[in-house]
Amino acid sequence: MATMRAAVLTAPHRFDLREVAVPEVGPDDALIRVQRTGICGTDIHMFNGHYAADRLPLVPGHEFAGTVAATGERVKHIKPGTTCVADINIGCGQCYWCRRNEILNCPSMTQVGIGREGAFAEYVCVPARLVIPAPDDVPVEVLALTEPVSCVVRAARKAQASFGQSVVILGAGPIGNLHVQMMRLCGAAPIIIADLSQDRCRLALAAGADAAVADPAQLKQEVLKRTGGRGADLVIESVGSPRLYAFAFELIRKGGHVAFFGLSGPNDTVPVDILRTILEENSLKGSVAGMGEDMHDALTLLSHGRFRTEAFTRATFPLDDIQRAFETLAERPRDLKTQIILN
Ligand SMILES: [Zn+2]
Ligand SMILES: [Zn+2]
């Protein structure tokens, strides 16, 4: 039996490095030899025991890039040796939601590294239809950002972001920083970022924000000042705080839009003023994971150097040090992402 090295999250705060069987490749599957896997906020929630604790033990990891190692007997469209990324959202492929690229609403949806074995391992197995060939001349550490970038691509699409729109992004963490860059690509102006961390505000300014506000008491005033006193066309909440969601509605202009993005607790709610929403024609929409076209668009943008990726790719740890990689995250706020090197 062929074996591989894998980081198994056996309990909150505890990775076990194990020699496990290489996943079985079904007739419609592709086995990917993983080269890089980024640590996502979701992985951190799992590590801390705040999410999916009932699914442990599990190999997490869903922000990966690598090469096709083997394919199932019915797979014709991809060949071993192909550099690739993969869409991690596995739907049935046939239902109403799958056909609309709303895979998370599919009744049988699961996700690589969240609902099934992921890519903090030398190999990961996925349905071959979800494998996306990638250009060979793009560094693998950049390819491994395709999944997180796809999430902000989808958010921009769902918010119908466009040129000349004023945008406020609440939260300058890794994804907040990518929202800034995506809004820049959409032609939004001005782009205002808000975060309590000065370090992360500075990184967001370097990534293309026009203004950064670290003092929450100054935010509304700053937004009004930069939007002709109207408020922002679009506010993206990228923290997950009910209080900030409520605040987002105070920052939009009449007819503005609030993008729900930061994950809150399961029962959190936010009051929405019904009459104001109707009379001002305000709107809100949620989105979370990128999939399908979002993955392809993210790969295209990354392949053509449209994202500044240095702060996302410089912190790396070998698989054997994954425990330390997770434990030191809080000490490294300037590393917007940490990647695990596999092969
Ligand atoms: Zn993720
Ligand atoms: Zn489906």
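The values are calculated or read from the model by the stated rules, or taken from the named source; none is laboratory data. If you're wondering where the values come from, they're calculated on a predicted model, not measured in any experiment. No Cβ is skipped: glycine too gets one built from the backbone with ideal geometry, and neighbour counts run over all protein chains shown. Note: accessible area is taken over every heavy atom of the protein model, side chains too, but ligands, DNA and RNA are not part of it. Shrake-Rupley method; radii C 1.70, N 1.55, O 1.52, S 1.80 Å.
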Report task. Please list the non-local residues whose amide H lies under 5 Å from the amide H of PHE261, H modeled 1.01 Å from N, same-chain partners needing a gap of 5 or more. Result -> GLU237
Report summary line: Computed about the Cα centre, the charge dipole of the chain from +1 Lys/Arg and -1 Asp/Glu charges at the Cβ has a magnitude in debye, to the nearest 20, of 700
**Report entry** Descending semi-axes in Å of segment 160-286, equivalent ellipsoid built from Cα gyration tensor
**Finding:** 21, 17, 13
Query raised in the report: Roughly how tilted is helix 293-303, in degrees to the nearest 10 and between 0 and 90, from the longest Cα axis of the chain?
Result: 90
Report summary line: Once phi for every residue in segment 142-147 is put through the Karplus expression 6.51 cos²θ - 1.76 cosθ + 1.60 (θ = phi - 60°), the whole-Hz ³J(HN,Hα) values, with Gly and Pro written as x, are 7, 4, 5, 8, 4, 5
Query raised in the report: What percent do you get for the relative contact order of the chain when only Cα pairs under 8 Å and 6+ apart count?
Result: 18
Query raised in the report: Hey, what do the phi angles of segment 326-343 turn into as Karplus ³J(HN,Hα) couplings, whole Hz, using 6.51/-1.76/1.60 and θ = phi - 60°, x for Gly and Pro?
Result: 6, 5, 9, 4, 5, 7, 10, x, 7, 7, 5, 8, 10, 10, 9, 8, 10, 10
Report summary line: In debye to the nearest 20, the charge dipole size for segment 160-286, taken about the Cα centre with +1 at each Lys and Arg Cβ and -1 at each Asp and Glu Cβ, equals 220
**Report entry** the chain - mean residue ellipticity at 222 nm from DSSP helices (-39,500 (n - 2.57) per run, n ≥ 4, rounded to 500)
**Finding:** -8000 deg cm²/dmol
Report task. Express the carbon and sulfur contribution to the solvent-accessible surface of the chain as a percent, rounded to the nearest whole number, probe 1.4 angstrom. Result -> 51
Report task. With a cut-off of at most 12 other beta carbons within 10 Å, and DSSP calling the residue loop, which trypsin sites (Lys or Arg not before Pro) in segment 1-100 qualify? Please list them. Result -> ARG74, LYS76, ARG100
Query - Candidates ARG276, ARG226, ARG202: whichever shows maximal mean-square fluctuation once the chain is modelled as a Gaussian network with Cα springs under 10 Å - result: ARG276
**Report entry** Residues with amide H under 5 Å from that of SER241, placed H, sequence gap 5 or more
**Finding:** none
Query raised in the report: Measuring from the lowest to the highest alpha carbon on each principal axis, how far does segment 188-256 reach, largest first, in angstroms?
Result: 32, 26, 20
Requested in this report: Give the long-range amide H neighbours of ARG253: residues separated by 5 or more places, or on another chain, with amide H under 5 Å away, using H modelled in the peptide plane at 1.01 Å from N.
Outcome: ALA232, ASP233
Query raised in the report: Accessible area per residue of segment 160-286 at 1.4 Å probe, in Å²?
Result: 48
Query - Distance in nm between pseudo-label sites at ARG74 and ARG18 (7 Å out along the Cβ direction from Cα) - result: 2.9
Query raised in the report: Once phi is turned into θ = phi - 60°, what whole-Hz ³J(HN,Hα) does the Karplus curve with 6.51, -1.76 and 1.60 give for every residue of segment 223-236, x standing for Gly and Pro?
Result: 5, 4, 4, 8, 10, x, x, 8, x, 7, 5, 9, 10, 9
Report task. Quick one: compute the contact order of segment 42-92, relative version, from alpha carbon pairs under 8 angstrom and 6+ residues apart, as a percent. Result -> 28
Report summary line: At q = 0.07, 0.08, 0.11, 0.13 Å⁻¹, the log10 of I(q)/I(0) for the chain from a Debye sum over equal Cα scatterers comes to -0.29, -0.38, -0.72, -0.99
Query raised in the report: For segment 1-95, what is the Kirkwood estimate of the hydrodynamic radius, computed as the reciprocal of the mean inverse distance between distinct Cα atoms, to one decimal in Å?
Result: 14.9
Query raised in the report: How high is the relative contact order of segment 194-300, in percent, counting Cα pairs under 8 Å that sit 6 or more residues apart?
Result: 19
Report task. Compute the acute angle (0 to 90°) between the alpha-carbon long axis of helix 174-186 and the principal axis of greatest extent of the alpha-carbon atoms of the chain; round to the nearest 10°. Result -> 70
Query - Set of aspartates and glutamates near LYS254 by C-alpha distance (under 20 Å), chain-local residues within fewer than 8 positions excluded - result: GLU222, ASP233, GLU237, ASP273, GLU280, GLU281
